[in-house]
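Trainee: Below you'll find the structure I mean.
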Amino acid sequence: MVAGFLGAGKTTTVGELLRLAAVRGERTAVLVNDFGRVGIDQLTLAATGVPVRALPAGCVCCTMRGDLGRALEELAATARPDRLLLEPSGVAGPAALLEVLVQVGKDLGRVDLLTVVDASRYGKLPPSRRWWRKG
């Protein structure tokens, strides 16, 4: 899972992970969750040539939990990837997503979390919006 706030660079990071996987000869698929109805990230990632499935207009960590489980299973079965990347909406919290993935993705294997942070904006966030805190 590649998590991060809106505009942090998640789609760019996923694109780079796809490029690296292709160099290694790995089959990869992507599940994208956009909070809005227009799936810009889906279109961007589909241009890489890997299977991409979108879950638009909601958040997979709360209102779309069941949809997430079905979409993961469907994508795993149809694309048969070596690695399946999840790019959630920028409004989704990593802790809630990990909880959901443990419930709905238990048959899919290991779950890794990569959080993308825009370092130039991180210090400007109020402490209540930061996922990581010192101390």
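The values are calculated or read from the model by the stated rules, or taken from the named source; none is laboratory data. Please read these numbers as outputs of a predicted model, since none were measured by experiment. Positions of Cβ are generated from backbone atoms using ideal geometry, with glycine treated the same way; all protein chains shown enter the neighbour counts.
Residues checked against (1) assigned to a strand (DSSP E or B); (2) at pLDDT 90 or above; (3) touching a Cys at 6+ places or on another chain (Cβ under 8 Å); (4) closer than 17 Å to Leu114 by Cβ:
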| site | (1), (2), (3), (4) |
| --- | --- |
| Leu20 | no, yes, no, yes |
| Ala29 | yes, yes, no, yes |
| Val32 | yes, yes, no, yes |
| Thr44 | no, no, no, no |
| Gly69 | no, no, no, no |
| Leu84 | yes, yes, no, yes |
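Trainee: Report the residue count in segment 42-82 for those that are touching a residue at least 40 places away in the same chain (Cβ under 8 Å) and either loosely packed, with under 12 Cβ neighbours inside 10 Å or touching an Asp or Glu at 6+ places or on another chain (Cβ under 6 Å) (or both).
Mentor: Of the residues in that region, 2 qualify.
Trainee: Of everything in segment 57-116 that's of a type in the set (Ser, Thr, Tyr) and in contact with a strand residue (DSSP E or B) (Cβ under 6 Å, 6 or more places away or on another chain), which residue is nearest to Leu20 (Cα to Cα)?
Mentor: Result: Thr115.
Trainee: May I ask you to verify whether Leu20 is hydrophobic (A, V, I, L, M, F, W, C) and free of Cβ contacts under 8 Å to residues at least 24 places away in the same chain?
Mentor: yes
Trainee: Also, I was wondering about something else. Quick check on this structure: which one of Ser89, Ser120 is surrounded by 14 or more Cβ atoms within 10 Å (Cβ to Cβ) and at negative phi?
Mentor: Answer to the check: Ser89.
Trainee: Would you call Leu108 at pLDDT below 75, outside any helix (DSSP H, G or I) and under 23 Å from Leu55 (Cα atoms)?
Mentor: yes
Trainee: When segment 1-18 is examined, which residues are found to be surrounded by 14 or more Cβ atoms within 10 Å (Cβ to Cβ), out of contact with any Ser or Thr (no Cβ under 7 Å at 6 or more places or on another chain) and part of a helix (DSSP H, G or I)?
Mentor: Within segment 1-18, Lys10, Thr13, Val14, Leu17 qualify.
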